[in-house]
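A short reminder: the numbers here are calculations on the coordinates, not readings from a lab. Predicted, not measured: the structure shown is a model, and the values here were computed from it. Reconstructed Cβ throughout: ideal geometry from the backbone, glycine too, with neighbour counts over all protein chains shown.
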Amino acid sequence: MKIANLTLALTLLGALGLAAGANAGKATDTTYREYTPYINYGNNPKASDDARFSNTYQYWQDNAKIDPKRAASLTEFWTVNWKYREAPFDGSLHGGHVAQDRGAGLYKQLNANGAFAGCMGAKKGELKGLRLTYPHMDKAMGSIVGMEAKIEYCAARQGMKLENGSYDNSAVSMYITAFSNGLPININVAKGPLKGAFERGKKLFHMKAGWTNFSCATCHVSLVGKNLRGQTPTTHYGDASHWPTWRSKDELQSLHIRLTECNRNSGVQPLKIGSPEYTDLEVFLTALSNGYPVASPSQRD
């Protein structure tokens, strides 16, 4: 799925200087808000829950068995949730592979003495499964972080600047992510800090904002499968499994970069990459991918 093709919003909070509850203890925001109606996400969300939402999970639950005719159909391609752009179904060479190679080289430099892997949380330098531990509450950084934020932090400790959202940061992320290919995402949002982040992210996802007065959920809940200015929004379930991704317009994007793009498309001022609001959205979307396998490198239009 192209996350929030025209999505909007969530981010408006930052644009208006509102923290959306990301920082506990501050005064409650009483600004009037409109929200796209919530769907039942439950306490233990997972990708397969889409079976009772858009009912397309049956078509993309196994990206190695996606019907090529459905993927090529002008009216039904949205039902496969863009998963046909992921390995092993799509094995074609694209910019994501080049980025992964770049990430491998940078990782080797950063981890010359093994400190970078340790900082990232890789036990004994093992990268398999590391992607599945993000986002998480990070003691060293004192906040909930996604993997790209942690890469920036750990690279700085090794004397290298890899700004969150940059090509090289996303390349390292893509390289690390590929070691978890085929492993199912499984973050626990039923308790602890991630529960609060999930609830805030859900609220942001459904909050209307911008001159369009859309929310992310306007596209990916209310208008999923319907024509919208030449685009067909897909379900938001299962989406987090393929980030970072290579966009066919020649751009490597992290999830947070995509959120800024969605904000601009919907007339909302983007927030800073790595902001608490974007991270809450990342937690929310990652939880909706629980049970679905990681796929990297991936490609999207």
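Each residue in 59, 38, 278 was given a count of other beta-carbon atoms within 10 angstrom of its own, and listing them fewest first yields 38, 59, 278.
Each of the GluC sites (Glu not before Pro) that DSSP puts in a loop and that has at most 14 other Cβ atoms within 10 Å breaks the chain; the longest unbroken stretch is 127-301. Straight-line cross-link reach from residue 208 at under 12 Å between alpha-carbon atoms covers these aspartates and glutamates, not counting any fewer than eight positions away in the same chain: 34. The aspartates and glutamates whose alpha-carbon is closer than 15 Å to the alpha-carbon of residue 69, local same-chain residues fewer than 8 away aside, are 90. For the listed residue pairs 108/150; 65/191; 65/128; 46/128, the alpha carbons are over 26 angstrom apart in 65/191. When you filter the trypsin sites (Lys or Arg not before Pro) in region 212-301 for DSSP loop state and at most 11 other Cβ atoms inside 10 Å of their Cβ, you are left with 226, 229, 249. Here the 3J(HN,Hα) profile of region 203-211, calculated from phi with Karplus coefficients 6.51, -1.76 and 1.60 at θ = phi - 60°, is 5, 4, 4, 9, 7, 7, 6, x, 5 Hz, Gly and Pro shown as x. Given +1 at the Cβ of Lys and Arg, -1 at the Cβ of Asp and Glu and no other charges, the dipole of region 115-254 around its Cα centre is 440 debye to the nearest 20.
With only Cα atoms counted, region 22-152 has Rg and Dmax values of 20.3, 53 Å. Each Lys or Arg adds one and each Asp or Glu takes one away; over the other residues whose Cβ falls under 14 Å from the Cβ of residue 210, this sums to +1. Cβ crowding within 10 Å ranks 36, 286, 279 as 36, 279, 286, fewest other Cβ atoms first.
Ordering 56, 31, 133, 245 from the fewest to the most neighbouring beta carbons within 10 Å gives 31, 133, 56, 245. Rounded, prolate or oblate for region 99-178? Axes are the square roots of the Cα gyration tensor eigenvalues, ordered a ≥ b ≥ c, and the cut-off for rounded is a/c under 1.5. Rounded shape, in that the Cα axes give a/c under 1.5. You can think of it this way: the chain between residue 34 and residue 264 has 80.9 nm of extra reach, that is 0.36 nm per residue less the Cα-Cα gap.
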